[in-house]
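Taking it in order: structure first as structure tokens, then the write-up.
The values are calculated or read from the model by the stated rules, or taken from the named source; none is laboratory data. Quick caveat, the model's predicted, so the values are computed rather than measured. Every residue, glycine as well, gets a Cβ built from its backbone with ideal geometry; the counts of neighbours run over all protein chains shown. Accessible surface is based on the protein model in full, side chains and every heavy atom, while ligands, DNA and RNA are left aside. Shrake-Rupley method; radii C 1.70, N 1.55, O 1.52, S 1.80 Å.
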Amino acid sequence: MDFQLDDDQRALRAGMRQLLEGRFSLRDATDRLDRALWRELGEAGFFSLALPEAEGGVGLGLPEAVLVFEEAGRVLLPGPAVATFLAAGVVPGAATGEAVVTAVDGALVPWLDEADVVQGEAAGAVPLRSVDPLTPLHRVPDAGGLDRGALLYAAEQLGSAVRTCETAVQYARRRKQFGQPIGAFQAVKHLCAQMLVRAELARAAVYAAAVTGDRLDASAAKLLADDAAVRNARDCLQVHGGMGFTWESDVHLHLKRAWVRAELGRSARAAEEELAEALIEAP
Amino acid sequence: MDLTYTDEEEAFRAGLRDWLSLVLPELPAKPSPQDWPGRRAYDTAWQRLLYDAGYGEVHWDASPTQRLIFLEETEKAGAPYVGANFVGLLHAGPTIASEGTPEQRDRWLPPVLRGDEVWCQGFSEPDAGSDLASLRTRAWRDGDHYVVSGSKIWTSHAEVADWCELLVRTALVSEAVPKHRGITWLAMPMDAPGITVRPLRTLAGSTEFAEMFLDDVRVPVANRVGEENDGWRVTMVTLSYERGTAFVGEVVACRRVLGELAREARGNGRWGDPALRRRLGRLSAEFSALWRLTQWNVSEAQRTGGVPGVGGSVFKLRYSHARQELYDAAAEVLGAGSLDLAHEWTLDRLSSLSYTIAAGTSQIQQNIVAERILGLPKGR
């Protein structure tokens, strides 16, 4: 048992971080999809990573997919990345990022107007005034959409949770009040420590679910990663004080996206009920 | 990333399982949790069985993965926990193994491994708990002895111990000697004249720890582990073991209890409550993740080949609270039955209250995580 990243996985993660940091700025993002970036991600193998080499993919597995989605979550990459990834090999052009694919997910469809292909029954979808300015949303009347991609959403939530923890720590070291950095106060320290605990617990769950490929493991990972992303964003906002409540800081974007993702893939209610039911059967 | 075990590790697991299935049915009944002399006899007998079967050194010499397998399988099989051997096996033993002289290792380690001798922990004092470095029990040199006076509290297993891992002050605090310096780690025989032990009754009714009064107790200088005034560093080695590996088997136990809770709720009609189901479902995710975090930490330790790191604090912070939430959920499942001390879950609920205090309170752990992992400044 060696439950650690190997050298190739570290390199993959570092490469994806470098690509996204060099190419994407949250400051410039809008609710219009950046198709050039989408194609660049396709060229870098983001969407085709799990496809067999014979189908133009790289033949990697779920652990590698989780690592790149963690990076996407870290920078709050906009767009229906999970649905497009899952459509690679099924919908022509999805693997290369030429086609933007979205899917009906529970009661919601993200990025409906920007997508080239919609999977699932989206008839009668009505637009919402989305809480997340970087994720346009439609709502469908018959909430019986696909339940897929829970682990990839969980990976994005993990990336966001790690990022807001780092952001809070950086701010707490820099911002001074009462003659010292606010990070020297225990009340602030303890908020930050709890953020790390949530993120690391979610990381263990997400990575393990990627290795086992087990559905229940994925439900547990989604539950904990949703929790880590939402609560870390809230705590990060709190550490930022008044600045955290403004559009000047990015913190609110992490919180809003975390709320959106918590409704996608597998909701907390569904995951909790599923895990509870499995307890009855456990040996 | 890999969660599979090697053939060698699987063979170790299979051998252990076979052995457990042979010896466990032959064990006598467990003594009452309040009966510490009875528990000492029971726990040391179990240690002797492990020793004779070749598992005596599993906490020290085995690879981290083997240790993990050992804890997982013994817990799954319902084997006894280390109990009265806790300080010797998981605390003083590893410390002596890494910091002691060859003579000290020969003197103290074999009896611990055989279950012949039991250790207690003399760290905390009435005014030095979380701020352990401010301890005041003094030791003066008199020839080839230290003469020790002072008092200790929360001295785990003192009632039944043969030896005490004792922290004493050997240099007065001054500008030249900050409080973390001037501390020395001693192995004190518990039958030395001048030691008075007064058991403390915990809120769970047990006397697992005690107050200890030391009145000119003579301890040979040869019993000093590490250098004089270097006891703090030696202690940090000990504490990293305590936080790093001490709770691993319990996570497996908590996952088992969670299944028992669900089936109990199904049997007594509480399962129809969606709030309870969701609460148990969430706890299931938490304990699964704590197990995965354990595997992550063990893999990291195996790679670096080192002592468990501060990552143990991250684990302990969440685990100690999750354990309390587990037994609160048990109380909800049991209803009025949760007030019955005859029920094992009721005693476990009471015991779990210590988890956020012992081995460094949650607040201290949060400071450790914030300062040593996240790099936040020290301060108020």
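Per DSSP H run of at least 4 residues, take -39500 (n - 2.57); add these up for the protein assembly as shown, divide by its residues and hand me the 222 nm value, nearest 500 deg cm²/dmol.
So the calculated ellipticity at 222 nm is -16500 deg cm²/dmol.
How big is the range A:7-139 on each of its three principal axes, counting only the C-alpha atoms and giving the largest first in Å?
Computed over the range A:7-139, the largest-to-smallest principal extents equal 46, 34, 24 Å.
Leaving ligands, DNA and RNA out of it, work out the accessible area of residue A:269 with a 1.4 Å probe and give it in Å² to the nearest 10.
150 Å²
Mind checking which lysines have their C-alpha under 20 Å from residue B:30, skipping anything on the same chain fewer than 8 residues away?
Result set, ordered by chain and number: B:76.
Based on the Cα coordinates of the range B:1-138, what is the per residue volume of their convex hull in Å³? Don't skip to the answer; put the middle values down first.
Working: hull volume 23.3 nm³, N = 138.
Expressed per residue, the convex hull around the Cα atoms of the range B:1-138 is 168 Å³.
Using mean Cβ contacts within 10 Å as the protection proxy, how do B:129-142, B:75-88 order, highest first? Could you put the intermediate results ahead of the total?
Values: B:129-142: 16.2, B:75-88: 20.4.
Order by mean packing, descending: B:75-88, B:129-142.
Taking the Cα centre of the range B:119-229 as origin, sum charge times position over the Cβ atoms of Lys and Arg (+1) and Asp and Glu (-1), and report the length of that vector in debye to the nearest 20.
Working: 11 positive and 16 negative charges, 40 e Å.
The calculation lands at about 200 debye.
Given the peptides A:64-75, A:218-229, A:43-54, arrange them by the average over their residues of other C-beta atoms within 10 Å, most packed first. The partial results should precede the final answer.
Working: A:64-75: 24.7, A:218-229: 30.1, A:43-54: 18.2.
Answer by packing, highest mean first, reads A:218-229, A:64-75, A:43-54.
With +1 on each Lys and Arg Cβ and -1 on each Asp and Glu Cβ, how big is the dipole of the range A:1-148 about its Cα centre, in debye rounded to the nearest 20? Write down the numbers at each step before the final one.
Numbers: 12 positive and 24 negative charges, 92 e Å.
Dipole magnitude for the range A:1-148 comes out near 440 debye.
Rounding to the nearest 20 debye, state how big the charge dipole of the protein assembly as shown is about its Cα centre with +1 on each Lys and Arg Cβ and -1 on each Asp and Glu Cβ. Each step should come with its number before you reach the end.
Working: 71 positive and 91 negative charges, 445 e Å.
Taking the Cα centre of the protein assembly as shown as origin, the dipole is about 2140 debye.
At 10 °C and 1.306 mPa s, grab the translational diffusion coefficient of the range B:119-229 from Stokes-Einstein with a Kirkwood Rh over Cα pairs, rounded to a whole number in µm² per second. Intermediate results must be reported in sequence, preceding the final value.
Numbers: Rh = 14.0 Å.
Estimated via Stokes-Einstein, D reaches 114 µm²/s.
What number, in percent, do you get for the relative contact order of chain A if the mean sequence gap of Cα pairs under 8 Å and at least 6 apart is divided by its residue count? Please report the intermediate quantities before stating the final value.
Values: 479 pairs, mean separation 46.6, N = 283.
Averaging sequence separation for qualifying contacts and normalising by length gives 16 percent for chain A.
Per 10 Å bin, what percent of the C-alpha pairs of chain B does each bin hold, from zero upward?
5, 21, 32, 27, 12, 3, 0, 0
So for the pair residue A:32, residue B:26, with labels modelled 7 Å out along Cα→Cβ, what separation do we get in nm?
The answer from the label model is 8.0 nm.
Rounded to the nearest whole Å³, what is the per residue volume of the convex hull around the Cα atoms of the range B:338-380? Mind showing how you got there, number by number?
Numbers: hull volume 3.8 nm³, N = 43.
Here the figure is 89 Å³ per residue.
What accessible area, summed over both chains, is buried at the B-A interface (1.4 Å probe, Å², nearest 100)? Let's see the in-between values first.
Numbers: alone 18390 and 14020 Å², together 27570 Å².
Summed over both sides, the interface buries about 4800 Å².
Once both labels are modelled 7 Å past Cα along the beta-carbon direction, what's the residue A:21-residue B:363 spacing in nm?
Here the answer is 3.8 nm between the modelled labels.
Please report how far the C-alpha centroid of the range B:198-220 lies from that of the range B:271-302, rounded to the nearest whole angstrom.
Using only Cα atoms to place each centre, the spacing works out to 36 Å.
Note down the nm distance, to one decimal, between modelled labels 7 Å out along Cα→Cβ at residue A:247 and at residue B:325.
Using points 7 Å along Cα→Cβ, the separation is 3.6 nm.
Return P(r) of the range B:246-374 (all Cα-Cα pairs; 5 Å bins starting at 0; whole %; ordered from short to long distances).
Values per bin, smallest distances first: 2, 10, 19, 19, 19, 13, 9, 6, 3, 1.
Show me B:90-102, B:348-360 ranked by packing, highest mean number of other Cβ atoms within 10 Å first. Spell out each step's value before the answer.
On the way: B:90-102: 20.2, B:348-360: 18.4.
For the peptides B:90-102, B:348-360, the packing ranking is B:90-102, B:348-360.
Tell me, what ³J(HN,Hα) does each residue in the range B:350-365 have, in order and in whole Hz, if you take phi through Karplus 6.51 cos²θ - 1.76 cosθ + 1.60 with θ = phi - 60° and put x for Gly and Pro?
5, 4, 5, 5, 7, 5, 8, 10, 5, 6, x, 4, 4, 5, 5, 4
Averaged over B:254-266, how many beta carbons belonging to a partner chain fall within 10 Å of each residue's beta carbon? List each step's numbers first, then the result.
Working: counts 0, 2, 2, 0, 4, 6, 2, 1, 8, 4, 0, 3, 2.
Shielding by partners across B:254-266 averages 3.
What whole-number distance in Å separates the alpha-carbon centres of the range A:161-204 and the range B:33-92?
38 Å
Return the Cα extents of chain A along principal axes one, two and three, sorted largest first, each rounded to a whole Å.
Largest first, chain A extends 60, 49, 41 Å along its Cα principal axes.
Provide a whole-number value for the mean count of partner chain Cβ atoms within 10 Å of the Cβ atoms in peptide B:291-302. Intermediate values should be presented prior to the final figure.
Numbers: counts 3, 14, 9, 2, 8, 7, 3, 3, 4, 3, 0, 4.
Mean partner shielding for this stretch: 5.
Using the Kirkwood radius over Cα pairs, work out the Stokes-Einstein diffusion coefficient for the protein assembly as shown at 37 °C and 0.692 mPa s, in µm²/s as a whole number. Walk me through the intermediate numbers first.
Numbers: Rh = 27.2 Å.
Rounded, D is 121 µm²/s.
Among B:65, B:53, B:89, flag the residue with its Cα farthest along the positive direction of the charge dipole of the range B:7-114, charges on Cβ as +1 for Lys/Arg and -1 for Asp/Glu.
Farthest towards the positive end: B:89.
Using a cut-off of 16 Å between alpha-carbon atoms, which aspartates and glutamates can reach residue A:189, once sequence neighbours fewer than 8 places away in the same chain are excluded?
Straight-line reach from residue A:189, under 16 Å: A:166, A:235, B:371.
For chain A, take the longest principal axis of its alpha carbons; what is the angle in degrees between that and the long axis of helix A:186-212, to the nearest 10 within 0 to 90?
20 degrees
Hey, which of these cross-link pairs are over 25 Å Cα-Cα: A:176/B:378; A:176/A:222; B:316/B:378?
Working: A:176/B:378 14 Å; A:176/A:222 36 Å; B:316/B:378 21 Å.
From the list (A:176/B:378; A:176/A:222; B:316/B:378), the Cα-Cα distance tops 25 Å for A:176/A:222.
Normalised by the residues of the range B:246-374, what does the relative contact order come to in percent, with Cα pairs under 8 Å and at least six apart? Intermediate results must be reported in sequence, preceding the final value.
On the way: 92 pairs, mean separation 33.2, N = 129.
RCO, the range B:246-374: 26 percent.
From the C-alpha coordinates alone, can you work out the Kirkwood hydrodynamic radius of the range A:132-283, in Å?
Working: mean 1/r = 0.0609 Å⁻¹.
Answer for the range A:132-283: a Kirkwood hydrodynamic radius of 16.4 Å.
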